[in-house]
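The structure appears below as structure tokens.
What follows is calculated from the coordinates using simple rules that are stated; it is not laboratory data. Every value quoted in this text rests on a predicted model; they were computed, and no experiment measured them. No Cβ is skipped: glycine too gets one built from the backbone with ideal geometry, and neighbour counts run over all protein chains shown.
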Amino acid sequence: MAVEVSVILPTMNEEDAVKITIPQIRETLERLNLPYEIIVVDKSTDETPKIAAELGAKVIRQKRKGYGDAYLEGFKVARGNYIVMLDPDGSYDPREIPKLLEPLLKGEADFVIGTRLKGVIKPGAMPWLHRYIGNPLLTKVLNIFFKVGVSDAHCGFRAITKDALQKLPLKCRGMEFASEMVIEAAKAGLRIREVPITYHPRIGESKLSSFRDGWRHLRLMLLYSPSYLFLLPGVFLIVFGIVLLAYAYNTNPLRIHTMILGSLLIIVGFQVINFGISGKVYAAKEGLDKPDKITKFFMRYSILEEGLVIGGILFVVGLILGIRIFLKWRATGYGELFEIKSAVIVLTLIALSIQLIFFSFFVSSLMLKEEL
């Protein structure tokens, strides 16, 4: 008989919890009358794998560490048309599996995520730091960056169709896998549905590290979002730098420190933008992301020539202004010179021109195979 539902449990020293969780899964799915399998991906040093096998689960020994790695290994052997992901520590109630499967079985969704924040959180189940700061904040950032629209992006109780799962290029092997899966689902255009669930105190010791795991989630989201990580900060630095430079240039007495700061911000901001555009082009070229309007613009064949022309113009303008300053200096017999404002402008233009020229070569080198 073909397997309809595969339930994957990542375990590490959960011998007390699996004694309760696995029988509840079996009872629930048998009541649904759906052919199923329970896959335990184990990294334990206790009796967890032995107990799980005795309870009828298929046990796979996990070779590497990591929450995400456990699921990636489980996905490889799952035979069901519907995949259920469930932490086996008793924090999620297996008897709520039908709530997650229902939208999939009815064809109303491709990916279903439980939401603890809109469901019931039992006393002692979730630390206040996670409930009121960590989860809401990280979910908010994810929603802003990727327009997902979920309330609990890091809930570990999920269900997805096998067809939808195969569309997701999942690679993360740590706790950030939870964010990666939601991000990739949104990018793939999957129909995502949330269902309220009940969250219980876990059985046994927690393996979460609040700040380390939270940073891994935030780190992933930033790396997935070059526009927020590079482009917006870069634009802000350039605009702020131009404002400072213009203010100091047109103000007396001389505000040289303000001019230098403005010049530095413009140069740094321009370099940050270059990093962001390079990252977007690389991601599009390697198939990690779909090119947007900005990416397509910089992936054109002529971008090298255009960059060289604009960079050359900036360099020539800076050079002409520099020669003008030099001639003034020579006219004074190479004595004292008070052209500090103009000198800052010259150095800024030349620095930007050099950055632009080499940036154009770098982006074009990323596209070299397509041009040959």
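Some points to look at:
- Rounded to 10°, Cα long-axis angle of helix 232-249 versus longest principal axis of the chain: 20
- Net lengthening on full extension, K296/W215 (0.36 nm per residue, minus Cα-Cα): 26.0 nm
- Förster radius 22 Å - calculated FRET efficiency between R131 and I20, Cβ distance, rounded to 0.05: 0.35
- Helix 256-285 vs. the chain, principal-axis angle (Cα, 0 to 90°, nearest 10): 50
- Each of K167 and E286 was given a label point 7 Å from its Cα along the Cα-to-Cβ line. The distance between the two points is 2.3 nm.
- Distance (nanometres) between label positions extended 7 Å along Cα→Cβ at E108 and L55: 3.0
- Nearest-ten-degree value, helix 177-187 long axis tilted from longest Cα axis of the chain: 70
- Our estimate of slack between H257 and K76, defined as 0.36 nm per intervening residue step minus the Cα-Cα distance, is 59.2 nm.
- Global geometry of the stretch 104-235, whether rounded, prolate or oblate, following the gyration tensor of its Cα atoms and the 1.5 cut on a/c: oblate
- Dipole of the chain [Lys/Arg +1, Asp/Glu -1 at C-beta], most positive-end residue of I183, I60, N252: N252
- Prolate/oblate/rounded label for the stretch 122-163 (Cα gyration tensor, a/c 1.5): oblate
- When you restrict to C-alpha pairs under 8 Å that are six or more residues apart and normalise by the size of the stretch 7-51, the relative contact order lands at 65 percent.
- Charge tally around E180: other residues with Cβ under 14 Å, Lys/Arg +1 each, Asp/Glu -1 each, net +2.
- Note: relative contact order over the chain, using C-alpha pairs below 8 Å and six or more positions apart, is 14 percent.
- Here Cα extents along the principal axes in Å was computed from the coordinates, and among (1) 63, 49, 49; (2) 56, 50, 41; (3) 96, 50, 38 the match is (3).
- Cα shape, the stretch 208-361, gyration tensor, a/c 1.5 rule: oblate
- Within the stretch 137-222, GluC sites (Glu not before Pro) in DSSP loop having at most 15 other beta-carbon neighbours inside 10 Å: E205
- Added length on full extension, which subtracts the Cα-Cα distance from 0.36 nm per residue, I121 to R64: 17.3 nm
- Protection proxy ranking for 107-113, 37-43, using the average of other Cβ atoms within 10 Å per residue and placing the highest first: 37-43, 107-113.
- Selection from L142, L231, I203 lying farthest towards where the dipole of the stretch 135-234 points positive, charges on Cβ: L231
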